[in-house]
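Asks: The structure's right below; bear with me while I get my questions together.
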């Protein structure tokens, strides 16, 4: 058993030495990285951030103008009512035009009926004049 304890102690000591060597190597790498980072000054983002801030200000102004647009204040219910009013107005106009056309048609029909009645009256008068002339001629021949 003593051999086993000695080999385990040797293995543990060797593992401890390897771990220590890895930590030393890691610390050296971290120190090297830290010295490399601090050797170069960080980039100056002031101009880039200023341009971004200016762009955001412009976008903010545009959004404020868009928010004030009257079209955004119209709700779907208001829009529906406006469409209904416009449709109703268009229908009223169409009905008025149809009614006007009907009245015009009636006037034209009445005018045509009067013209036809006048023509019939003139035709009847011509018939009566012809008949009267014929009778008068016949009576004149007989006498």
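The values are calculated or read from the model by the stated rules, or taken from the named source; none is laboratory data. Computed from a predicted model, the values in this text were never measured in an experiment. Cβ coordinates were reconstructed from backbone atoms using ideal geometry, including for glycine residues, and neighbour counts include every protein chain displayed.
Asks: Out of 118, 112, 126, 72, report the one residue that is in a helix (DSSP H, G or I) and exposed (fewer than 10 other Cβ atoms within 10 Å of the Cβ). Give the steps one after another, and end with the answer.
Replies: Details: 118 fails: exposed (fewer than 10 other Cβ atoms within 10 Å of the Cβ); 112 fails: exposed (fewer than 10 other Cβ atoms within 10 Å of the Cβ); 126 fails: exposed (fewer than 10 other Cβ atoms within 10 Å of the Cβ).
Within the list 118, 112, 126, 72, the selection yields 72.
Asks: For residue 100, are the conditions met, namely being modelled with pLDDT of 90 or more and either surrounded by 10 or more Cβ atoms within 10 Å (Cβ to Cβ) or over 37 Å from the mean Cα position of the chain (by Cα) (or both)?
Replies: Yes: the conditions hold for residue 100.
Asks: Right, next: Exactly one of these conditions fails for residue 78: (1) in a helix (DSSP H, G or I); (2) more than 20 Å from the chain's Cα centre (by Cα). Give me its number.
Replies: The single condition residue 78 does not satisfy is (2).
Asks: Quick check, is residue 44 exposed (fewer than 10 other Cβ atoms within 10 Å of the Cβ) and over 20 Å from the mean Cα position of the chain (by Cα)? If you could, list the steps in order and put the result at the bottom.
Replies: Working: exposed (fewer than 10 other Cβ atoms within 10 Å of the Cβ): yes; over 20 Å from the mean Cα position of the chain (by Cα): yes.
Yes: the conditions hold for residue 44.
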